[in-house]
Every structure is written in C-alpha cells, then in structure tokens.
Amino acid sequence: MQIDLKQPILQKNDAIASELRERFAENHVFVLDLLASPGSGKTSTILATIDALRDEFNIAVIEGDIASSVDAEKIKAQGIAAVQINTGGACHLESAMIKRAVDVLDLERLDLIIVENVGNLVCPTDFDLGENAKVMILSVPEGDDKPLKYPGVFQVAEAVVLNKVDTMPVFNFDREAFEAAVTQLNPQAPIFPIAATKGDGVDAWAEWLANRIRAVWFRRLVSRRNEVDAAKRQCARSRPFSAFPHVRKHASLKGLALRAAQLAKRAISGTLALLADIGGSAR
C-alpha cells in the first residue's frame, strides 16, 4: 500500500490559493510569482522592474527566504512596501504564507504584487499561490542546460527572463540551445534577455508585464462602468440618480477612466495585446 502524503498538502494549499485568487480579482490586483535559483538575480530583476513600472502602477513585494530580511530591506529602501516571509527551512512558499503576508497589505491601493519565491527550481512549481502568472528567471552563469535538467519550472512559466546576459562572453552559454530547449518545453513563453543591474533589455520585459496589469485595470473599468449603468437604470425607474449613495460612491469612476486612458495611451501596441487578452477572457 502506498500513501501519498503530497496530495492532502496540495489540496489544502489549493483551497487557500483559490480564496486568494478571488480576493486579488475583487481588488483588481495582478500577482506575479517569480521562480529562480539562488543567485540568479531575482531581487535585482525586481528592483529593475520596479524602476520601470513605478510611475504607472502601485507595487508591493512579498519576499520569500529561508532566513533573514536582507532582500526585503533592499525593496523598502526604494520606497516600496515589502513583506518578508521566512520559511525556517521550507524550500518554497505556500498559499497560507501568502495569505498572512497579504493581510498586512492594502490591496485597494495596489496594482501589482511581486512574490519572490524561495530560490529553488523544483518545489515552488507545485504550489499555487493564487497568482496571475509564474515567471522563471535564469542567469547565464547557471548554464544553458537547465531547461533539460529542470523542465517543470520552465513548463509552468508564462515567460522566461534570461538574466546577466552581459556575462555571456565569460561563460560557455549556448543561447540558441537554451532558447530551443525552452521553446520545446513551452512554445508560448516569451524569453526576455536582460542585464538587470545595468537595465539592458528591461524595457521589453517590463512592457510585457505592464500589458498584463493593464488588462486587469481595463476589466476593472468595465466592471465599474457596468455597475454604474445598472444603477442609472434603476434610478431612472424610481428616483433621482444623486439619491443613491452606492452610486455616488462610484464618483471615482471618472478618475479610474482617466487613468485607464493614460495606460492605453502609453503604448498603442500594448493596447492591442491588451484587447486580445480581454477578448480571450470574455470567451
């Protein structure tokens, strides 16, 4: 008789992750789970991403480490809210940990939460955190054979960031072989070569992420607009529009619409991708 101890653990984790996903959706927050090995440049990539997106989005970071708060302090030093999770030896974050971290964040003010998972290419792939997307970061010094050795993490990733490309002349890294292996495992995942500490290539990666966040904002705008339209119809059948306090509450709709318009104006190409994403979600 074989007892599967993993299954009940995952079932409990998935139940909490489902609750988190609903909570994030209600607050229109995009959650990104970053997976990578120790030393791949996760924190450097997060800092570069923050620099690229902070003028447009409100961002918070959840840092996962076995011990210490070194990375969280780096994030806080940039004026970004950061919550440190110390697993005490566990090689991955779980949804219950994320729930406790989220409870201290003001979700209504946030557009993006970046989760820096514990440095590990195996365990984190099995644990749903309620995120919108998992993204894999690999650094050039780790070698081009990692997709062959750790296929699971590349298969669950919606995008792959190849970091430290400025060191490629120093290391025997076969970029063509790496990209071919990733494409074979996950044909839909784009690959973004960057040098996070220098900012090289970060714009393309940040724009891909920004388009995903904008999609959430546009869905929020549509949702609010539908609520207001429904309230207007109700008002027309009964009493003046201004008499409904729950309608007046949506006076922020104008500001929301202006912000959404600004988001679209920043990148026409991004807007096209965004509309395609919304269309797919509607179907």
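Since every read-out is calculated from the coordinates, none of them should be taken as a lab result. Note that the structure is a prediction, hence the values are computed from the model and not measured. Ideal geometry is used to build each Cβ from the backbone, glycine not excepted, and the neighbour counts take in all protein chains shown.
Descriptive notes on the structure:
- Cβ-Cβ FRET estimate between Ala133 and Gln234, R0 fixed at 51 Å, reported to 0.05: 0.85
- Both radii come from the Cα set of segment 6-200: Rg as radius of gyration, Rh as Kirkwood radius; their ratio Rg/Rh reads 0.95.
- Student exercise, segment 6-200 dipole from Lys, Arg, Asp, Glu Cβ charges, in Debye to nearest 20: 340
- FRET efficiency, 1/(1 + (r/R0)^6) with R0 35 Å, evaluated for Leu107 and Ala177 via beta carbons: 0.25
- For Met97, Met168, Met136, order by how many other beta-carbon atoms lie within 10 Å, fewest first: Met168, Met97, Met136
- If you sort the three axes of the alpha carbon gyration tensor as a ≥ b ≥ c, you get a/c of 1.5 or more for segment 127-212 and a/b no higher than b/c, which makes it oblate.
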